[in-house]
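Only the coordinates and a few stated rules stand behind these numbers; no lab work does. Since this is a predicted model, take the numbers as computed values, not measurements. FYI the Cβ positions are ideal-geometry reconstructions off the backbone, even for glycines, and counts take in every protein chain you see.
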Amino acid sequence: MIEQHFSVPFVAAMALREKQIQQNYRPVIAVHKWFARRPGTLFRALILSEFSGRPVVENYYHSHHLPSVRIFDPFMGGGTTMMEANRIGCSVTGVDINPMAWWIVRQELLDLDINAYLKTADQLRAHLEGEIGHLYRTQCKNCGNSEAQVKYFLWVKKVRCDACHHDTDLFPNFLLSEDVRHPANVFVCGRCGELFETLNRKEPGPCPHCHQALPLAHTARRNKCRCQHCDRPLGYPNAQVPEHRLYAIEYHCDNCAGRADGRKGRLFKKAGPEDLAKFEEAAGRLGKLRPKFIPEDAIPEGDETERLHRWGYHHYRNLFNARQLLGLELSCRWINSVKDDSLREALATNLSDLLRSQNMLCRYDTMALKSLDVFSVHGFPVGLIQCESNLLGIISPRGAPVGSGGWLNIVEKYLKAKRYCLQPFEVRQEGSRKIEVPIQGEWIGSFRNGQSPSEKREIKLLCDDSSAAKLNGEKFDAVFTDPPYFGNIQ
């Protein structure tokens, strides 16, 4: 019984640690982004407290098998109840009115041939590399390597002056990188566009290239700025899809990864003519395509989408630039050609998750030096500086991923998620150390072969209104759920 066997202090401490970095405790959630996931440790503890017959403090880290227990979640959302109950052998039934929730939980619980998935994902990346890989290359300014790989393209919004008909960049400030993960602060000159480094963030001084002071009076704030050319007051947004200018690049060069001078840091450069030409090439190729997968749907009105409309984003395709649309369209076409249903659906799930990092609402974190995906905050933030990630992803000579937001990163997370399903673990805190504790005998899915005997588990997932769901008179031993939000969040 929960009243006797549940321990609030024990479970609260674990749940708090899990929520700080949830993906390390429950890697399965990396199958796809879902908002407001409840801690798996909490639901595991609730189910064990009710059905294991022992205090949860004593048996939380032990293996359990409860095939006679039937669990129901009428608002399953991201599937925490489903995964935790299925993991210990329970029969599970879940309902959600949101088709995306249904799809995500289905992918979390579906069995997958991991080796076949990895092989197919590698083939997809190889295909994209052949088609558009060169669009993510740049020349290293240190060694001249023309095959350096772009991590992030940095774009600034711009507005046209009605008086002088010149464009003004909407820089909120000129800081590109802080001296936290880079040896120095990096600034972009608002006059000549060159990048320069300085140790003084508050007083960077004049640009060493054009020898002029940064035009601080022309920075953008509170939807206003002054024209850089005639000093006339300008306002934004203007209800039209904003234009952007590619002004800087963070890149990775294998030759310079371990620099001889021992200097640690990132590689930045001003976007040059060749970089701009590659984007124009992408735009030209996109214009010649007959898209099959780029949606023409309008963005509906809503509390959060009103901000998008003010900025001129009225259709979903407006949220992506030409290179992103080209890469996503080619990805969709290749995925659609995969014959195996489970592999095609897995890659389609990956692409859906990839979208949050492949759009022109992503921002660049000047301290952490990484892309912030569109859902890094709850809403649709429209910044003045946008970050375009490498669609393919980058792997270093040591085999480790470099940067974020690409296919390589998404596939790696998905593999980790599905491997966790085969061998779940818990995390035990021992002093300042976190120890992974494998829970032998537990697994997540519907069927496990290669065991003696093989085992099949009952899973029923419905995309429906719970008040009208057809359960055919089924009876359950317990209902575990988190109250629904539905229209109460964006």
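Across the stretch 296-354, the mean sequence separation of Cα contacts (distance under 8 Å, 6 or more residues apart), normalised by length, yields a relative contact order of 24 percent.
Would you mind checking the pairs K141/K292; K19/K370; K202/K413; K264/K413; K19/K141 and listing those with alpha carbons more than 32 angstrom apart? Violating the 32 Å Cα-Cα cut-off are K141/K292; K202/K413; K19/K141. With 0.36 nm allotted per residue and the present C-alpha distance subtracted, the L422-A163 stretch has 86.8 nm of extension available.
For each of T138, T198, count neighbouring Cβ atoms within 10 Å of the residue's Cβ, then give the residues from fewest to most.
Ordered from fewest to most neighbouring Cβ atoms within 10 Å, T138, T198 come out as T198, T138.
Each 5 Å bin from zero holds the following percent of Cα-Cα pairs in the stretch 361-490: 2, 7, 9, 11, 11, 15, 16, 14, 8, 5, 2, 0.
Across q = 0.12 Å⁻¹, the stretch 231-383 modelled as identical point scatterers on its alpha-carbon atoms has Debye log10 I(q)/I(0) values of -0.70, in the order of the q list. Estimated from the Cβ-Cβ distance and a Förster radius of 25 angstrom, the FRET efficiency linking R344 and E178 is about 0.05. Extension gain, Q212 to H65: 0.36 nm times the residue separation minus the Cα-Cα distance gives 45.8 nm. Its Cα gyration tensor gives the stretch 44-100 an equivalent ellipsoid, and the semi-axes of that ellipsoid, as √(5λ) in whole Å with the largest first, are 23, 11, 9. Placing unit charges on the Cβ atoms of the charged side chains and taking the dipole of the chain about its Cα centre, the candidate lying farthest along the positive direction among Q20, Y136, L355 is Y136. Contact order, relative form, for the chain: 22 percent (alpha carbon pairs under 8 Å, 6 or more residues apart, mean separation divided by residue count). Across the stretch 196-296, Cα-Cα pairs farther apart than 20 Å form 67% of the total. With respect to the chain, whose longest principal axis is taken over its alpha-carbon atoms, helix 8-20 is tilted by about 30°. Based on C-alpha pairs under 8 angstrom that are at least 6 apart in sequence, the stretch 54-116 has a relative contact order of 32 percent. Taken over the chain, the convex hull of the Cα atoms encloses 187 Å³ per residue. The Rg/Rh ratio of the stretch 116-405, with Rg taken over Cα atoms and Rh as the Kirkwood radius over Cα pairs, comes to 0.97. The order of M14, M100, going from fewest to most other C-beta atoms within 10 Å of their C-beta, is M100, M14. With kT/(6 pi eta Rh) evaluated at 25 °C and eta = 0.890 mPa s, and Rh the Kirkwood radius from Cα pairs, the stretch 1-129 diffuses with a coefficient of 152 µm²/s according to Stokes-Einstein.
Annotation: the residues D340, D73, D482, sorted from fewest to most other C-beta atoms within 10 Å of their own C-beta, follow the order D340, D482, D73.
Close amide H partners of V402, meaning residues 5 or more places away or on another chain with modelled amide H under 5 Å apart, are I394, I395, S396. With both labels modelled 7 Å from their Cα along Cα-to-Cβ, the V437 to D113 distance reads 3.7 nm. Cα centroid distance between the stretch 360-380 and the stretch 145-160, in Å? The stretch 360-380 and the stretch 145-160 have Cα centres spaced 16 Å from each other.
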